[in-house]
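Trainee: Before anything else, here's the structure in question.
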Amino acid sequence: MTTHILIIGLGLIGGSLAKALQRNDDVHVAGYDADPLTARKAFKMGIIHSSPPSLEQAASEADVIVFATPVGATIKLMEQSKYWSLKKDVILTDTGSTKLQIMETAKNLNHLFIGGHPMAGSHKSGVEAAKDVLFENAFYILTPGDSTDEKRLQFLKDLLAVTKAKIEVLPAEEHDHMTAIVSHFPHLIAASLVHQLDQEDKFPFARQLAAGGFRDTTRIASANPEMWRDITTQNNAMIVQQLGNWMEQMDQLKDMLVKNDPEPIQQFFSHAKMVRDELPIAGHGAMFSVFDLYIDIPDVPGSISELTGYLAEEGISIVNLRILETREDVFGILVISFQTAEDRDRAQKCISARTVYDSYIS
């Protein structure tokens, strides 16, 4: 029996999910977007099987509905769904990066809602950037409500398995707390460091020096401002809590620096090093100035050796190579570092000429 899936919102995430879900046997993936041109484009590109003219009609035929829209828009659509004529056993889910607000809204719905967050991204946006390999090796978090039965949760997990993502089930509060620590709050810190550099008028050459480790450290400050405005307001309490904890630590650090005792200062850095070195390794990155090339490649045997083989044939030396497995707001799954900008440019031309993989410079 055919499983009917409706994706609402056909941007990078919605479009990529629609493409990936087509790997399932006997599915029909319909797509709807507020912009009719986007929906038509998605249909012509084969990203969706059909583009229904009416959202309500498409929803009434769906076995699974995915809200692939910003959290604010998703909440509005969830409220509207109360008035749609839906199948009794339909599963509603979303792709939003914060979950508490979503799951609170879900308590008032008439149908099963299972929160979702595929932690993957790209430097590109829009339906044109959609690719079915986007979620490979990325974490895909599901946040079911208290009344969710295991059978229907498993059905959704099985449906998403073709994305090749690492599917994990977490409570919404735990999800938002953890993403505040490792993603949302670091964005604020990165942005604040850039603001501090921007206020440096006395020594303008500092901007030139920032081209190395500083630029690497603050890469995430280049993310979409509107998206991070929404994330910050939606996960506000968790982020404020992290900011309070950090400010306490900064006060302790300031006191330590004022006293200027070398031993506790060394212990501060030693402990940070120990914790950092024990983190899961997704690559062998380092805070030195190299020239990185980001490449989107599928997670299939031979992909990396194919690329490095082409570079070797053209005599292009590699400084470092690392795989980015957890891909929330990172620009690719493979990062190759080069000694010079010239080597990087040669490598990008080589990869563009000899493969279909997207490559870009952050």
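The values are calculated or read from the model by the stated rules, or taken from the named source; none is laboratory data. On a predicted model such as this, the values are computed, not experimentally measured, just so you know. Every residue, glycine as well, gets a Cβ built from its backbone with ideal geometry; the counts of neighbours run over all protein chains shown. Protein only, heavy atoms only, side chains kept; ligands, DNA and RNA dropped before computing areas. Shrake-Rupley method; radii C 1.70, N 1.55, O 1.52, S 1.80 Å.
Trainee: If you go through the range 113-141, how many residues are part of a strand (DSSP E or B) and surrounded by fewer than 21 Cβ atoms within 10 Å (Cβ to Cβ)?
Mentor: So the answer is 1.
Trainee: Let me ask something else. For the range 269-290: of the residues being within 11 Å of V319 (Cβ to Cβ) and touching a strand residue (DSSP E or B) at 6+ places or on another chain (Cβ under 7 Å), which is modelled with the lowest pLDDT?
Mentor: Only one residue fits best here, namely H284.
Trainee: Within the range 177-209, can you find the residues that are among the aliphatic types (A, V, I, L, M) and under 15 Å from A221 (Cβ atoms)?
Mentor: Of everything in the range 177-209, those that are among the aliphatic types (A, V, I, L, M) and under 15 Å from A221 (Cβ atoms) turn out to be L188, I189, A190, A191, L193, V194, L197.
Trainee: Mind counting the residues in the range 140-159 that are in contact with a strand residue (DSSP E or B) (Cβ under 7 Å, 6 or more places away or on another chain) and at pLDDT below 90?
Mentor: Of the residues in the range 140-159, 0 are in contact with a strand residue (DSSP E or B) (Cβ under 7 Å, 6 or more places away or on another chain) and at pLDDT below 90.
Trainee: Then there's this: Residues of the range 34-65 being more than 14 Å from I5 (Cα to Cα) and in a loop (DSSP other than H, G, I, E, B), which ones?
Mentor: A34, D35, M45, G46, P53, S54
Trainee: Can you name every residue in the range 22-33 that is part of a strand (DSSP E or B) and surrounded by fewer than 20 Cβ atoms within 10 Å (Cβ to Cβ)?
Mentor: Answer for the range 22-33, where residues must be part of a strand (DSSP E or B) and surrounded by fewer than 20 Cβ atoms within 10 Å (Cβ to Cβ): V27, H28.
Trainee: If you scan the range 62-74, which residues turn out to be open to solvent by 30 Å² or more (accessible area, probe 1.4 Å) and at pLDDT 95 or above?
Mentor: D63
Trainee: Which one of D255, D230, D251 is at pLDDT below 95 and surrounded by 10 or more Cβ atoms within 10 Å (Cβ to Cβ)?
Mentor: Going through D255, D230, D251 in turn, the sole match is D230.
Trainee: Suppose the filter is among the β-branched types (V, I, T), open to solvent by 60 Å² or more (accessible area, probe 1.4 Å) and assigned to a helix (DSSP H, G or I); does V182 pass it?
Mentor: yes
Trainee: Let me ask something else. I'd like to verify a number: residues in the range 205-227 that are over 25 Å from the mean Cα position of the chain (by Cα) and open to solvent by less than 90 Å² (accessible area, probe 1.4 Å), how many?
Mentor: 2
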